[in-house]
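Okay, structure first, notes after.
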Amino acid sequence: MKALIVILSGIGNAITTLPIIEILNKNNIDVDILVSSKANADLLSKDFRVRNTYLFNPKNNFIKGLKLIKQLRHEEYDFAITIYPPQGIVSSAILYLINAKIRTQYICNYLFKFVSMKFKIPVVYNPDLKLFEKLLLTHPKKINEEKHAVYLMADLLKPFFKFDYKELNLKYYLEDNEIKFSEKFWHENSLNDKFVIGIHTGTSGKPPFKMWDFEYWKSLILKINKRYSNIKFITFIGPSDEKHENYLKSLNLDNLIVVKELSIRDTIALISKCNFFISADSGLAHCASLFKIPQITMFGPVDYKYIQPFSENCKVVVPDNYKPFYIPHCGFISKPYDCMENLKPEKVFKEFERYISTHPEIDYNKKWNYETTKSIQITKLEI
C-alpha cells in the first residue's frame, strides 16, 4: 500500500506530522510527502521512513505543478491525507486530482477562512460545506474537540490503521555529518562545559502579532545573564529575522553567539545540543521539542491547545488576561490586537527561574543514532 501526506504549511506543522509517518511506517505503508516549501522538503527528505518527497509550489511554476499532479496520479495511492490545519480548497483539490482511493482531511469553511485571513476580521465559523465534502473527499471529518494537532491527525488515521495513541511520539533522525557539525560547533565555541540556552527571537508573522518586542527580548536575556553564571546564548536568525541580528549584537555580550544562514537540518542539529530553548510561537520551537529539550514557548494570538510543541518538557507562557483571537482551522475569531505586549519579560524570566530552581543539575539523555549523557551545572549569582 502507498500513502501520500500533503503538507502545505510551515515547519512546525511538518514536525507534528512525524508521529503519523511513524504509524504508517509500522503498518508497512510506503509513505510519500508533498510539501510546499524547500525547508520542509529538506526537513523530511532524508527520513528513511519516507520513500519520496515532492516539492509543490504552483504559484512559481503552474505548468510544473500540473505535471507533478499528473505524476502523482500515476502512483495510484491507496490513502492520502492533508495534515492539520486544513489548507482549504487547494489541499482538498490535490487529494481529489491525484485520485487516491481514500482521501481524508479536516474540513473548514474555506470561503469564510479566506475572508478572515485576507482581511484580518473575525468570521462566523461553520464547517458544513457539503459540496466540497462530496466532490473532493471520500472521508471528510469535522473538528469537534479541542485536541493537539498530533491527536487530531491520528483520529483521521484511526478508521484505517492499527495503532495505540501511546505510540504517538516525535522521532527524528540526524545524519552522522549533521551530528559531527554540531559537535565541531560546540568545540570551536567552547560550549561543552556551558549551560547553553538556544533563543529564537523571530516568528513566521502569520497571523500577525506573534512577534515579541525586541526590547522584551533584551530585558530577558540581560536578566538571565546577570543572574546566572556559566551561561552561553545561541540565537538563531532565520531569513525573515535579519533585522534582529543588529539588535542582538548591540547587547555586547561576549557569551552570545548569533547563528544564521544554516540549513534547517543543521539548525536542528545545533538545537539538539542546547540545554534550554526559549522562543515565541515559531517553527524552531517545534524543532526543540524533537529532543525533549526543556523549553519555554510564548503564545499570544493563537490558541495554543492545537499547535503547542508536542513535548512534556515545554512550558507555554501566555500574556496576562490571555484571550486568543486566532484558531488555525478557523481563522480570526475576534478582532486582532497586539496581545504580546501584555506578556512581560518578568513573567518569562520567573518561569525560567522556576525551572532552574527545581532542576539545579540538568541531567538528561540525548538520543540520535547513539546515546550521550550531558550534565551541566548552572550557578545562581548572589546579588
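The values are calculated or read from the model by the stated rules, or taken from the named source; none is laboratory data. If you're wondering where the values come from, they're calculated on a predicted model, not measured in any experiment. Please note: Cβ atoms are built from the backbone with ideal geometry, for glycine as well, and neighbour counts cover all protein chains shown.
The table for this structure:
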| read-out | value |
| --- | --- |
| Residue check, Lys305 outside the structural domain of Leu8 (by TED's automatic domain parsing), within 19 Å of Leu343 (Cβ to Cβ) and basic (Lys, Arg) | yes |
| Count of segment 165-177 residues which are more than 23 Å from the chain's Cα centre (by Cα) and in a loop (DSSP other than H, G, I, E, B) | 0 |
| Residue check, Trp217 surrounded by 19 or more Cβ atoms within 10 Å (Cβ to Cβ), at negative phi, of a type in the set (Phe, Trp, Tyr) and part of a loop (DSSP other than H, G, I, E, B) | no |
| Strands (runs of 3 or more DSSP E) completely within segment 245-310 that count 2 or more residues being touching a Cys at 6+ places or on another chain (Cβ under 8 Å) | 295-298 |
| Filter result for Lys158 (more than 23 Å from Ala39 (Cβ to Cβ), surrounded by fewer than 18 Cβ atoms within 10 Å (Cβ to Cβ) and not assigned by TED's automatic domain parsing to the domain that holds Glu261) | yes |
| Residue in segment 226-243 that is surrounded by 15 or more Cβ atoms within 10 Å (Cβ to Cβ), assigned to a helix (DSSP H, G or I) and free of Cβ contacts under 8 Å to residues at least 40 places away in the same chain present | no |
| Lone unmet requirement of (1) over 22 Å from Ala14 (Cα atoms); (2) at pLDDT below 95; (3) of a type outside the set (Lys, Arg); (4) not assigned by TED's automatic domain parsing to the domain that holds Pro19 for Asn144 | (4) |
| Yes/no for Lys260 being basic (Lys, Arg), modelled with pLDDT of 95 or more and not assigned by TED's automatic domain parsing to the domain that holds Ile11 | no |
| Sole residue being over 28 Å from Val318 (Cα atoms), in the same structural domain as Val318 (by TED's automatic domain parsing) and touching a helix residue (DSSP H, G or I) at 6+ places or on another chain (Cβ under 8 Å), chosen from Phe185, Phe236, Phe209 | Phe185 |
| Any hit, segment 268-289, residues being under 19 Å from Tyr355 (Cβ atoms), charged (D, E, K, R), assigned by TED's automatic domain parsing to the domain that holds Asn189 and at pLDDT 95 or above | yes |
| Among (1) crowded, with 19+ Cβ neighbours inside 10 Å; (2) in a loop (DSSP other than H, G, I, E, B), the one test that Tyr322 misses | (1) |
| Residue ranges of helices (runs of 4 or more DSSP H) in segment 1-65 with at least 3 members crowded, with 21+ Cβ neighbours inside 10 Å and in contact with a strand residue (DSSP E or B) (Cβ under 9 Å, 6 or more places away or on another chain) | 38-45 |
| Residue within segment 330-338 that is at pLDDT 90 or above, surrounded by 18 or more Cβ atoms within 10 Å (Cβ to Cβ) and either more than 28 Å from Ser190 (Cβ to Cβ) or in contact with a helix residue (DSSP H, G or I) (Cβ under 9 Å, 6 or more places away or on another chain) (or both) present | no |
| Filtered residues of segment 88-130 (kept if part of a helix (DSSP H, G or I) and modelled with pLDDT of 60 or more) | Gly88, Ile89, Val90, Ser91, Ser92, Ala93, Ile94, Leu95, Tyr96, Leu97 |
| Filter pass, Leu381 being closer than 24 Å to Thr235 by Cβ and either modelled with pLDDT of 90 or more or surrounded by 14 or more Cβ atoms within 10 Å (Cβ to Cβ) (or both) | no |
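For every residue, the table says whether it meets (1) within 30 Å of Ile179 (Cβ to Cβ); (2) buried (at least 21 other Cβ atoms within 10 Å of the Cβ).
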| site | (1), (2) |
| --- | --- |
| Leu248 | yes, yes |
| Asn252 | no, no |
| Val258 | yes, no |
| Asp266 | yes, no |
| Phe277 | yes, yes |
| Val317 | no, no |
| Met340 | no, yes |
| Lys347 | no, no |
